[in-house]
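Sharing a structure here in structure tokens format.
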Amino acid sequence: MLKLNKVFSLIIIGIMMFSCEKDKEANFTLKGNIKNLKKGVVYLQKEGDSTIIDLDSVVINGQPEFTLQTNIEEPILLYLKLFKNDGEEHFIPFLADKGVTEIKTSLKNFNFDAEIKGSQQQDLLNEYTKVMSKYNEQNLDLIEASFLAQKDNDSIALDSLNKLSETLLRRKYSYTIQFALNHKDNMIAPYLALYKIPAANPVYIDSVYNGLTENVKNSLYGKKLNDIILKRASEE
């Protein structure tokens with residue numbers, strides 16, 4: 001117990017020092033609620049060049065509701081991190097834009113129970129994720145069936161299941177590419193190309209980038225996608 005109190009004391013001191021350094025008026029607010037959370041620390045984070053950067057944090061002591069704030073220049077991927085001193089990492093990624101985002105989840109299933117409402121980008125990601133979850137469920141069924149086929153030494157069934165898995169993967173990639181092409185005026189398009197289908201045929205990645213509006217090409221993820229395309233071209 002003494003060790004745990006010491007850990008939380010150090011965290012609180014760090015948060016106080018961090019809070020004193022915030023000098024920009026926040027244009028983004030995250031309102032959160034973690035059911036059954038009594039004690040812990042929640043962080044608002046973003047990706048840096050080589051590490052994760054803390055933007056804001058709050059010590060939870062009895063109340064499940066909290067508010068985190070920061071200043072952002074454009075839509076960006078942020079993370080809600082929960083520290084509860086259990087030796088595990090607990091993150092919820094979400095797409096943020098200026099304004100307010102709400103996240104409701106539970107302590108027991110922090111990642112899986114997350115309900116996120118906020119930016120237009122996140123709404124599109126929710127739509128995309130809903131379809132992907134169906135593909136993932138089908139993939140789990142194929143994995144289970146493949147395991148049973150291996151156990152029974154049924155090479156014919158295993159070969160058939162492998163072909164079904166390859167077909168399902170192509171369908172996932174095809175849906176992702178089409179979703180990105182359908183939303184070429186939103187940063188969700190380069191985001192999906194970067195984070196969901198990085199191993200896709202370069203022709204399709206190029207088609208996603210070339211179809212982007214100029215504003216999206218000049219966005220954070222539009223520039224990152226272009227950097228990857230240029231790097232690949234220089235290595236060919």
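The values are calculated or read from the model by the stated rules, or taken from the named source; none is laboratory data. Remember, predicted model here, so these are calculated numbers, not experimental data. Neighbour counts are summed over all protein chains in view; Cβ atoms, including those assigned to glycine, are modelled from backbone coordinates with ideal geometry.
Return the residue satisfying two criteria in turn: it lies in the stretch 173-194 and is touching a residue at least 40 places away in the same chain (Cβ under 8 Å) and not hydrophobic (A, V, I, L, M, F, W, C), and of such residues it is surrounded by the fewest Cβ atoms within 10 Å (Cβ to Cβ).
Checked the stretch 173-194; the qualifying residue surrounded by the fewest Cβ atoms within 10 Å (Cβ to Cβ) is Y175.
Go through the stretch 84-131 residue by residue and tally those that are in the same structural domain as E25 (by TED's automatic domain parsing), over 17 Å from E65 (Cβ atoms), surrounded by 13 or more Cβ atoms within 10 Å (Cβ to Cβ) and among the aromatic types (F, W, Y).
So the count comes out to 2.
Using the structure shown, decide if L192 is under 17 Å from Q121 (Cβ atoms), touching a Pro at 6+ places or on another chain (Cβ under 6 Å) and not in a loop (DSSP other than H, G, I, E, B).
The answer is no for L192.
Here is a further query. Collect the residues in the stretch 208-236 that are among the polar types (S, T, N, Q) and loosely packed, with under 15 Cβ neighbours inside 10 Å, keeping them in residue-number order.
Across the stretch 208-236, the qualifying residues are N210, T213, N215, N218, S234.
If you don't mind, there's one more thing I want to ask. Examine the stretch 15-34 for a residue that is out of contact with any Gly (no Cβ under 7 Å at 6 or more places or on another chain), over 26 Å from M187 (Cβ atoms) and modelled with pLDDT of 90 or more, and state whether such a residue exists.
Yes, that holds for at least one residue.
Let me ask you something else. I want to confirm something. Restricting to the stretch 196-207 and keeping residues that are within 18 Å of N182 (Cα to Cα) and of a type outside the set (S, T, Y), which single residue is surrounded by the fewest Cβ atoms within 10 Å (Cβ to Cβ)?
For the stretch 196-207, the residue satisfying everything is V203.
Check D154 against each of (1) out of contact with any Gly (no Cβ under 9 Å at 6 or more places or on another chain); (2) surrounded by 16 or more Cβ atoms within 10 Å (Cβ to Cβ); (3) acidic (D, E) and name the one condition it does not meet.
That leaves (2) as the condition not met.
Being without any contact (Cβ under 8 Å) to a residue 40 or more places away in the chain and not charged (D, E, K, R) is the filter here; which residues of the stretch 132-145 pass it?
Correct list: S133, N136, Q138, N139, L140, L142, I143, A145.
Can you find, within the stretch 60-76, the residue that is surrounded by the most Cβ atoms within 10 Å (Cβ to Cβ) among those that are part of a loop (DSSP other than H, G, I, E, B) and polar (S, T, N, Q)?
Looking at residues that are part of a loop (DSSP other than H, G, I, E, B) and polar (S, T, N, Q), I get N71.
Might you check whether a residue that is of a type in the set (A, V, I, L, M), touching a His at 6+ places or on another chain (Cβ under 9 Å) and within 26 Å of S133 (Cα to Cα) occurs anywhere in the stretch 82-103?
Within the stretch 82-103, one or more residues are of a type in the set (A, V, I, L, M), touching a His at 6+ places or on another chain (Cβ under 9 Å) and within 26 Å of S133 (Cα to Cα).
Here is a follow-up. In the stretch 176-189, what residues are within 24 Å of L78 (Cα to Cα) and in a helix (DSSP H, G or I)?
T176, I177, F179, A180, L181, N182, I188, A189
Then there's this: Where the second residue is outside any strand (DSSP E or B) and the first is among the hydroxyl-bearing types (S, T, Y) and lies in the stretch 114-131, which pairs have Cβ atoms under 6 Å and are six or more apart or on separate chains?
S119/D97; Y128/F179
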